[in-house]
Amino acid sequence: MDKIKASLKLNFRDKKFFVLLLFVFIYLVVMRSYFRGRKDEYLKVNHWMYEDLTNYYEMEYYSHSKQDEPEVVKEYYRYILQVVKDIDSALKNGDEREFLLNRARDSLLLWNRDTEFNSDWEEVNNMNDKRRLIPSPRQYFGKEYDEIRAKLDFPEFKDLKLWRKYVYDKAKLMWIYLFNHDYELLNKGLSNQSYYSTKPFSFIYNIFSKRFALIVFIIALMLGSSGLGQARSEDYLKTELSISHNRLSCYRRIFVNNFITIILILLIPLLLMTLITGFAEGFDGISYPVLCNKKIMTGWNPDVESYTTSLNPAQTTPVGLSQYILKGGVNKVFETIKLIPLWKYLLISFSLILMGILFWLSLGYMISAIFKKTFVAQSVSIGILVLSFIPGMIGAPFVNTVFDLPSLGNVGLIPAGYRLVTYWQVFTLYLVGTIIFNIIGYWRFSKQDI
């Protein structure tokens, strides 16, 4: 342990260490600026959308108010018009709580419209067709529904039946997840975030979906491929082996030293950016609800339907920080998609990053053990890195699978179902690769003259 500490102290004096720290930090600053620009654009699009919806519901309300219909129908259209106006007003005024409150009301209205308020829904309900039957809010929440209505000050609309034919549309299931998302934010006092948000924990979530981890993996590969060569050139190996003839412990110390160095290159810029953005925008949001695919986390086989559906941008829709994939079948959706707290999602992503660092670092060390000259080892590493992009360039059936190693650098997309892999596939790949590379690396190192 003392020798590892001494090696780390030498790393802190190495200019290369600070150059890499600065590079990662500058990357994070650039990405934050990018997200801020896209966030403004995202807000503008939302303003235009709710202005269009306001105009649409004004015409709807005017049309129904002139017809001979029950008062409860007219009240429904009046209420939904008012809710959309309040959402638009809250967006313009930056009133987060009013925005979430009214968007939750809007989601609940649309959810009810497609179920309990639909004149044809009860007939489908009686048929008990679980694949195409969307549960009503009252069925979904049970006794809790009345409490939810009271919290939202949501009208009952007793005996309301809108004359519509019930048609199952997988897009309608989105209202369930959007409502649960907004209602949880209201209960926790959290502000709404998007996939361009720059609050500290939301920012980390967003960059994990933007190949940030791949940059760290490349750093791990290059440091690994120069690890033994640099130790040779500085006579570190000769000195160590003259004191202790145990090559395994020497190899292990150099490896652990580089692993800790990469972790610091990852964590120090992230911590700095978290503090900077946290003091500017607040540190709340660690328990923010995000979507996760249960099949990806617990099974071995990938969720092919979620992945293939996600390839079409028209089949995904934003729910806070996440993107909801419009896959078919009511039961399928409830069995696979759930909301989990952001801290849990980040822990899942961090575990894959740590395993990925071990994998790429071990690959670099194996190359460094085979090729004694640092320049040759790093050239071979760059060649292997370039070759690793070929499966993704070929396309199906290799793209976004375990064969497409660079795509696994988007660690934030894996738990959501945007890659044709599962958590345990990736974890096993990294673990087995790390073991094999280190066995080959040490075997080659043990046979060499220092």
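With the other protein chains left in place, how much accessible area per residue, in square angstrom, belongs to the chain at a 1.4 angstrom probe? Each step should come with its number before you reach the end.
Values: 21160 Å² over 450 residues.
For the chain, the per-residue accessible area is 47 Å².
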If the chain between Val19 and Gln139 were fully extended at 0.36 nm per residue, the gain over the current Cα-Cα distance would be 37.4 nm
Nearest-0.05 FRET efficiency for Glu335 and Tyr62 at R0 = 35 Å, using Cβ-Cβ distance, is 0.25
When the charge dipole of the stretch 67-204 is computed with +1 on Lys and Arg Cβ and -1 on Asp and Glu Cβ about the Cα centre, the Cα farthest towards its positive end, among Pro137, Pro155, Ser191, belongs to Ser191
The relative contact order of the chain, taking Cα pairs under 8 Å that sit 6 or more residues apart, comes to a percentage of 19
Checking the stretch 246-305 for chymotrypsin sites (Phe, Trp or Tyr not before Pro) in a loop per DSSP with at most 13 other beta-carbon atoms within 10 Å yields Phe283, Trp300
Simple spin-label estimate for Glu98/Arg252, 7 Å along Cα→Cβ, in nm, reads 6.4
The stretch 166-207 and the stretch 314-328 have their Cα centres apart by a whole-number Å value of 10
Per the rule of 0.36 nm per residue minus the C-alpha distance, extending Lys344 to Leu267 adds in nm 26.0 nm
Computed for the chain: size of charge dipole around the Cα centre, +1 on C-beta of each Lys and Arg, -1 on C-beta of each Asp and Glu, debye to nearest 20, value 2440
In debye to the nearest 20, the charge dipole size for the stretch 249-395, taken about the Cα centre with +1 at each Lys and Arg Cβ and -1 at each Asp and Glu Cβ, equals 500
With label points set 7 Å from each Cα along the Cα-to-Cβ direction at Asp169 and Ala150, the distance between them in nm comes to 3.4
Out of Asn312, Asn206, Asn102, a Gaussian network model of the chain with alpha-carbon springs under 10 Å gives the largest mean-square fluctuation to Asn312
With bins of 20 Å, the percent of all Cα-Cα pairs of the chain per bin from 0 is 22, 45, 24, 9, 1
Between the residues Phe179, Ile204, Val167, the Cα farthest towards the positive end of the dipole of the stretch 144-233, that dipole coming from +1 and -1 charges on the beta-carbon of Lys, Arg, Asp and Glu, is from Ile204
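Give the Kirkwood hydrodynamic radius (Å, one decimal) of the stretch 300-402, defined as one over the mean of 1/r across all pairs of different Cα atoms. Intermediate values should be presented prior to the final figure.
Details: mean 1/r = 0.0581 Å⁻¹.
17.2 Å is the Kirkwood radius here.
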Which of Asp153, Asp303, Asp120 fluctuates most in a GNM of the chain (C-alpha springs under 10 Å)? That residue is Asp153
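Quick check: at a probe of 1.4 Å, how many percent of the accessible area of the chain sits on carbon and sulfur atoms?
Carbon with sulfur: 61 percent of the solvent-accessible area.
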Among Val30, His47, Tyr62, the residue whose Cα sits farthest towards the positive end of the charge dipole of the stretch 21-73, when +1 is placed on the Cβ of each Lys and Arg and -1 on the Cβ of each Asp and Glu, is Val30
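The values are calculated or read from the model by the stated rules, or taken from the named source; none is laboratory data. Every value quoted in this text rests on a predicted model; they were computed, and no experiment measured them. Using ideal geometry, Cβ is built from the backbone for each residue, glycine included, and neighbour counts are taken over all protein chains shown. Areas reflect the complete protein model, heavy atoms only, side chains present, ligands, DNA and RNA absent. Shrake-Rupley method; radii C 1.70, N 1.55, O 1.52, S 1.80 Å.
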